[in-house]
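Q: I'd like to ask you about the structure that follows.
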Amino acid sequence: MTTFTYDALPGRVVFGPGVASTRLAAEVDALGAERILLIAGVSEQSLAKELCAPFADRIAATFSGVRPHVPVEVAESAREAAAGADLILCVGGGSTTGTAKAVALTTGLPIVAVPTTYAGSEVTPVWGLTQGSRKTTGTDPLVLPRTVVYDPDLTLTLPTALSVVSGLNAMAHCVEAFWAPRRNPVSSAVAADGIRYLASGLSALAVDPEDGAARADLLLGAYLAGSAFAVAGSGLHHKICHVLGGAFDLPHAETHSIVLPYVLAYNAPNAPEASARIASALGHDDPVLGLHELGHKLGVPAGLRELGLRERDTDAVLDDILALAPADNPSPVTPDGLRALLHAAWAGTPPTEGDS
């Protein structure tokens, strides 16, 4: 009998095509909100206003200055906008949800999240802030959204390229959940199902970007991915991506989608059971090759160099990543091993199991 601890996180999920239009007002009402801070980036403003039309008189303030990695100055401005509010409503992707979390962290205000990408952060208690070139993350139940409204219809207009990297970012949550510090049989089962839905949705999306069933699979996969990540925690992959993103302002989802196969290749030799379950969920004999082929088929950038990262930049952050590397990572994280991993991810060379 396996012994484990599983922390079931509180939260309400409303899922289905069209629910953002038909159910959002009732969810806001259920929380007794009278003065709402609406957080939505510039590109989501029109959508957010349309969704909020039934309760527009209760929108006390709107914040649109969303930026990736949530710089502290953005968080401070959003907190100022929250003065007098009794609810935060965020409509958008991971950066938008992250901004809402930064407000909740210091105000304790409840969050209703309406995701428009596959970030998954809307079901995690993880927050992140960037000051200068350093990104800091933490966990606090205060930032876990009270209600999440998942509407696949809102993702139909998400550009294919962004859909792909956002979906692979969710895939990273699932893969890492198999060896993250608080992994357990429940989170692993959720992660495996998440991989199946994400792989199915991404493959179908490559054929038809307007496939509603594929969009629903992707959004369900993203929900499962965030749920697994929320319980299991973050491991080497996320440490690498958070350091790179904070230091060089790299795009979040693209960075995750590029780095993922290389971390899997690094860990696979010492995580055979996890690798087998990931391979099964992907429908491929070799999980590393399966992930790499999926990314290549979907047009993921070949390496971090295509995001503008310079080769010498990987050495500049080596010590920062080593300081954060989990002690129980399946494969010991050594300076030489990490340097080889980062260089391969920078160059975009095909990853193979055992790369280090």
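Q: Does the stretch 180-195 hold any residues that are touching a Gly at 6+ places or on another chain (Cβ under 7 Å) and surrounded by fewer than 24 Cβ atoms within 10 Å (Cβ to Cβ), and which are they?
A: PRO181, ARG182
Listed here are the residues, each with its yes/no results for (1) among the small types (Gly, Ala, Ser); (2) in contact (Cβ under 8 Å) with a residue 40 or more places away in the chain; (3) buried (at least 17 other Cβ atoms within 10 Å of the Cβ); (4) within 15 Å of GLU176 (Cβ to Cβ).
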site: SER257; (1), (2), (3), (4): yes, yes, yes, yes
site: LEU260; (1), (2), (3), (4): no, yes, yes, yes
site: ALA265; (1), (2), (3), (4): yes, yes, yes, yes
site: ALA274; (1), (2), (3), (4): yes, yes, yes, yes
site: LYS297; (1), (2), (3), (4): no, yes, no, no
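Residues are listed down the side, and each one gets a yes or a no for (1) within 16 Å of the chain's Cα centre (by Cα); (2) within 22 Å of PRO145 (Cβ to Cβ):
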{"residue": "VAL207", "(1), (2)": "no, no"}
{"residue": "ALA214", "(1), (2)": "no, no"}
{"residue": "ALA228", "(1), (2)": "yes, yes"}
{"residue": "ILE240", "(1), (2)": "yes, no"}
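Q: Next question. Say we look at the stretch 121-152 and pick out the residues that are over 13 Å from the mean Cα position of the chain (by Cα) and part of a loop (DSSP other than H, G, I, E, B); which of these is surrounded by the most Cβ atoms within 10 Å (Cβ to Cβ)?
A: PRO145
A quick yes/no check of all residues on (1) surrounded by 15 or more Cβ atoms within 10 Å (Cβ to Cβ); (2) assigned to a helix (DSSP H, G or I); (3) of a type in the set (Lys, Arg); (4) not assigned by TED's automatic domain parsing to the domain that holds ALA271:
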residue	(1), (2), (3), (4)
ARG312	no, yes, yes, no
ASP315	no, yes, no, no
ASP319	no, yes, no, no
LEU322	yes, yes, no, no
VAL333	yes, no, no, no
ASP336	no, yes, no, no
LEU342	yes, yes, no, no
GLU353	yes, no, no, yes
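Q: Can you pull out the residues in the stretch 143-183 that are closer than 22 Å to LYS101 by Cα and either hydroxyl-bearing (Ser, Thr, Tyr) or in contact with a strand residue (DSSP E or B) (Cβ under 9 Å, 6 or more places away or on another chain) (or both)?
A: Passing the criteria: VAL143, LEU144, PRO145, ARG146, THR147, VAL148, VAL149, TYR150, ASP151, LEU154, THR155, SER166.
Q: Further question: Among the candidates ARG134, ARG215, ARG146, which residue alone is in the same structural domain as PRO71 (by TED's automatic domain parsing), of a type in the set (Lys, Arg) and under 23 Å from PRO251 (Cβ atoms)?
A: Unique residue meeting the criteria: ARG134.
Q: For the stretch 185-228, enumerate the residues that are assigned to a loop (DSSP other than H, G, I, E, B) and in contact with a Ser or Thr (Cβ under 7 Å, 6 or more places away or on another chain). Give the steps one after another, and end with the answer.
A: Step one: of the stretch 185-228, the residues assigned to a loop (DSSP other than H, G, I, E, B) are 208-211.
Result: PRO209, single match.
Q: Looking at the stretch 68-88, which of the residues that are in contact with a helix residue (DSSP H, G or I) (Cβ under 6 Å, 6 or more places away or on another chain) and either assigned by TED's automatic domain parsing to the domain that holds ASP249 or modelled with pLDDT of 95 or more (or both) is surrounded by the fewest Cβ atoms within 10 Å (Cβ to Cβ)?
A: Of all residues in the stretch 68-88, those in contact with a helix residue (DSSP H, G or I) (Cβ under 6 Å, 6 or more places away or on another chain) come to 68-70, 75, 78-79, 82, 88.
Next, from what is left, pick out any that are either assigned by TED's automatic domain parsing to the domain that holds ASP249 or modelled with pLDDT of 95 or more (or both): 70, 75, 78-79, 82, 88.
Working: VAL70: 24, ALA75: 23, ALA78: 24, ARG79: 19, ALA82: 24, ILE88: 28.
Selected residue: ARG79.
The values are calculated or read from the model by the stated rules, or taken from the named source; none is laboratory data. Model, not experiment: these values are computed from the prediction. No Cβ is skipped: glycine too gets one built from the backbone with ideal geometry, and neighbour counts run over all protein chains shown.
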